[in-house]
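The values are calculated or read from the model by the stated rules, or taken from the named source; none is laboratory data. Small disclaimer: the values here were computed from a predicted structure and weren't measured. Every residue, glycine among them, receives a Cβ derived from its backbone with ideal geometry; neighbour counts consider all protein chains shown.
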Amino acid sequence: MTEPSRFTWLSRLLHWLTAALVFASLFIGFVMVNSVGSYAGLVALHKTLGVVILVVVLVRVVNRLTHRPPPLPAGVGALERKVVLLSELSLYALLLAQPLLGWAMVSAAGGPVAVFGSLRLPRIAPFDAQLFWVLRQAHSVVAYALMAAIAAHISAVLLHTLTLRDRLIERMTFRFRSKAERSRLG
Amino acid sequence: MAEPSEPSEPPGRWGTARPGRRDVLRGAAAVGAFLAVDLAAFLTANNWLGPARLTPRRFLDGFNTAFGRHHGYRTNHAKGVSVAGWFDSNGNGRELSTAAVFAPGRTPVIGRFSAAGGNPHTADAAAAGRGLGLAFGFPGSQQWRTAMLNLPVFPDNSPQDFYDRLAATALVPGTGKPDPSAMTRFLAAHPPSARALTILKQHPPTPGFADSIFRGLNAFYFVNESGVRTPVRWSLTPLQQALPPSSGPNALFDPLVAQLRGGPLRWRLMLTVGAPSDPTDDATLLWPADRRTVDAGLLTLDSVATESKGNARDINFDPMVLPPGIEPSDDPLLSARSAVYAASYRRRTGEKTL
């Protein structure tokens, strides 16, 4: 079997960076709203993670629009290709929407939007308690949607890799060659 | 890009080769294991798995048990009026903090006088705690919010103690009154709260809102230009007498509103400078009376309004909304207040009053 083609080095790095940041941010988000003693510290961390995710995802959007992804394994049929595209689009949309919703809801409650300790971002929504509530509810709905979309994404890659054995996951992994391999490849 | 060269069946709608049974099991097991871990992490994060913890939700339920459920109002300090004015800084505070509010000059202020308790229609009682929430420079990026009380110390020094005290005040069905033995049992089991109660009894409340000293109670760290961190507690010292209490259910709010309509009310913002030995994590303890104070300027409140859209009603007086130059201390009440206020704000902003 030939070596499957991979995403660019930058694309793979951004993907795994997003994965770690989003996992941490979702987990902290669910923990903090149910905690009393660690709430304040976790909220500060959650906001900072959110703004980092927003920057990383914006870079990814530009990267995605300027780079063609490697082809899917040949076994992926026409209908599944549509599903793949749709799920990729939804993940990008959710990942962009979620930090913006968080930023907007803090703004609608009157701010300040504090990140990285003492940095203050501008407010992006008017002070309006009802608007805050709508944005706050949306922030939770999108959190659940993100959880579901990410679970579906990971399940699909696991099934492809372990059941169909089409090495789908290798498009996104880093291959660490041994010294011997490197010298053999010259 | 070359297609895989090995012979395969023509691609169908869902792919090529039919996987063997072992491959199906392998994939299903991996997906099952992943989803199980994912779900367990999610349930643990949401406090649905693992040991029961004190959550903001339980505080809201505790207040509702004690005071009833009143849609659209704050869960505690439900009764209040919105006020506005300004703070004239004299620049003295800069010695302790770089916060913009302490630079010489004027900062607009939105505030809210309130009565402790979760019933917005309660009759005013002299003994009930009086609150003053302030938002300096709202809604700017350097804003500072604080929620103060007319008490010398806070009755409890931990979120759990506060929750236990709340539970001890719950009304007994049938009598409609709290069980007095519950409070006796609570005080016996919580020595810091019992000590605080002794201090509170030595400081009876003044006749009204206008002559009350309001205190921040929790300690904070002020950070100045040289990076020096100083423990500070702040308070507001009144510069006027209060009108005497009126009769009727608004015995304290009516004179306050009348007084504000007649002219501005003023308080001096005093910063008490803590020594390294002073407790920063225990709001039930007084600091020694001889601690140095810095007069940071004059708070003037000159307008009053019923709570409505866009005024203090819609502000969460979260004590963790601090400008650069003021930092939280290790007092566990700060994070708990922030958490419970946020839960209350989220719930009430989605509800209609009346």
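Criterion applied to A:Leu135, A:Leu146, A:Leu131 was being over 23 Å from the mean Cα position of the chain (by Cα) and assigned to a helix (DSSP H, G or I), and the one residue passing it is A:Leu131. Taking helices (runs of 4 or more DSSP H) as the structural unit, those lying wholly within segment A:1-120 and holding at least 2 residues that are of a type in the set (Asp, Glu) correspond to A:78-108. Only one entry of B:Ala100, B:Ala41, B:Ala52, B:Ala84 meets the criterion of being within 19 Å of B:Pro159 (Cβ to Cβ) and among the aliphatic types (A, V, I, L, M), and that entry is B:Ala52.
Would you call A:Arg12 away from chain B (no Cβ under 13 Å), basic (Lys, Arg) and buried (at least 16 other Cβ atoms within 10 Å of the Cβ)? Here the answer is no, as A:Arg12 does not meet what is asked.
Take B:Arg21 and decide whether it is surrounded by 15 or more Cβ atoms within 10 Å (Cβ to Cβ) and over 31 Å from the mean Cα position of the chain (by Cα). So B:Arg21 fails the test. Screening the candidates A:Ala114, A:Ala24 for the property of being hydrophobic (A, V, I, L, M, F, W, C), closer than 30 Å to B:Arg58 by Cα, crowded, with 17+ Cβ neighbours inside 10 Å and within 13 Å of another protein chain (Cβ to nearest Cβ) yields one hit, A:Ala114. Step by step: first the residues of segment B:264-302, then only those that are among the polar types (S, T, N, Q) and part of a strand (DSSP E or B), then the one that is surrounded by the fewest Cβ atoms within 10 Å (Cβ to Cβ). Which residue is that? This residue is B:Thr293.
Residues that are within 14 Å of another protein chain (Cβ to nearest Cβ) and either modelled with pLDDT under 95 or buried (at least 23 other Cβ atoms within 10 Å of the Cβ) (or both) do occur in segment B:125-133. A residue that is within 24 Å of the chain's Cα centre (by Cα), surrounded by fewer than 17 Cβ atoms within 10 Å (Cβ to Cβ), at pLDDT below 95 and within 12 Å of another protein chain (Cβ to nearest Cβ) can be found somewhere in segment A:161-179.
Residues checked against (1) polar (S, T, N, Q); (2) more than 18 Å from the chain's Cα centre (by Cα); (3) surrounded by fewer than 17 Cβ atoms within 10 Å (Cβ to Cβ); (4) within 30 Å of B:Ala342 (Cβ to Cβ):
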{"residue": "A:Val33", "(1), (2), (3), (4)": "no, yes, no, yes"}
{"residue": "A:Thr48", "(1), (2), (3), (4)": "yes, no, yes, yes"}
{"residue": "A:Ile53", "(1), (2), (3), (4)": "no, no, no, yes"}
{"residue": "A:Val61", "(1), (2), (3), (4)": "no, no, yes, no"}
{"residue": "A:Pro71", "(1), (2), (3), (4)": "no, yes, yes, no"}
{"residue": "A:Ser87", "(1), (2), (3), (4)": "yes, no, yes, no"}
{"residue": "A:Ala93", "(1), (2), (3), (4)": "no, no, yes, yes"}
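Given the criteria away from every other protein chain (no Cβ under 14 Å) and among the basic types (Lys, Arg), does B:Arg261 qualify? So B:Arg261 passes the test. If the condition is being within 8 Å of chain A (Cβ to nearest Cβ), among the charged types (D, E, K, R) and in a helix (DSSP H, G or I), then segment B:24-79 contributes B:Arg26, B:Asp38, B:Arg57.
Determine whether B:Ser308 is more than 22 Å from the chain's Cα centre (by Cα) and assigned to a loop (DSSP other than H, G, I, E, B).
So B:Ser308 fails the test.
Residue count for segment A:155-177, restricted to those that are free of Cβ contacts under 8 Å to residues at least 60 places away in the same chain, assigned to a helix (DSSP H, G or I) and out of contact with any helix residue (DSSP H, G or I) (no Cβ under 6 Å at 6 or more places or on another chain): 0.
The set of residues in segment B:322-339 that are touching a residue at least 60 places away in the same chain (Cβ under 8 Å) and either assigned to a strand (DSSP E or B) or more than 7 Å from every other protein chain (Cβ to nearest Cβ) (or both) comprises B:Leu322, B:Pro323, B:Gly325, B:Ile326, B:Glu327, B:Pro328, B:Ser329, B:Asp331, B:Leu333, B:Arg337.
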